[in-house]
1. Ordered by residue, what ³J(HN,Hα) values in Hz, to whole numbers, does the range 8-15 give under the Karplus form 6.51 cos²θ - 1.76 cosθ + 1.60, where θ = phi - 60° and Gly and Pro are x?
2. Assign unit charges at the C-beta atoms only (+1 for Lys and Arg, -1 for Asp and Glu), then state the dipole size of the range 10-114 relative to its Cα centre in Debye, rounded to the nearest 20.
3. Give the peptides 92-99, 66-73 in descending order of average Cβ contacts within 10 Å, highest first.
4. For A15 and Y38, what is the calculated FRET efficiency with R₀ set at 30 Å and r taken between the beta-carbons, to the nearest 0.05?
5. Between D87 and E49, what FRET efficiency follows from the Cβ-Cβ distance if R0 is 30 Å, with the result rounded to 0.05?
6. Got a sec? Which residues in the range 69-85 would a label at S28 touch, if it sits 7 Å along Cα→Cβ and we count backbone N under 17 Å?
Amino acid sequence: MSDMDLRESRGWRPAEGDTLIGTVVEVSRNWSDYARAYYPIVTVQSEGENSELIAVHCFHAVLKDRILALRPVVGDRIGIKYVGSRDGKQPGTTVNLYTVRVQGKTNAGDPYAGMAPTPAAPPVPSDVPVNPEDFAQNGPAQTDDDIPF
């Protein structure tokens, strides 16, 4: 997608358990006055009958960290699942949790790489394709009390 491309994308506003799978068509950034920093925007051409352009604004810390670690580029196949929000470790805070996979890429550069994986989240080998079944809801989402934030 270029500056001259006038196709419209909509912002992704997922509910708990929602999944987006498709092809990256643009990676850009936007300024957040709240965080006083830039954050990535990954625009995805979704797969399926109702294919559309969806802009994923990666301002939530977990999503931003995963996108910056995996560094998707135009043409990559990506899967993003919004797991939901949970209470943060600090009173009165919440954390928004995501699962992100980019076909052919591992968690190299992931700030959490090297930490012992939990049984529910084993490391993803680089040759595992992105499949919709990877994001199927398997009962209620579990809390991630072992995440260090």
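Read-outs throughout are calculated quantities, based only on the coordinates presented, and are distinct from any laboratory measurement. This one's a predicted model, so the numbers in the text were calculated from it and none came from an experiment. Positions of Cβ are generated from backbone atoms using ideal geometry, with glycine treated the same way; all protein chains shown enter the neighbour counts.
1. Working through the residues one at a time gives 9, 10, 10, x, 7, 10, x, 8 Hz.
2. 300 debye
3. Highest mean packing first, the order is 66-73, 92-99.
4. It comes out at approximately 0.70.
5. Taking R0 as 30 Å, the efficiency between D87 and E49 is 0.20.
6. 73-75
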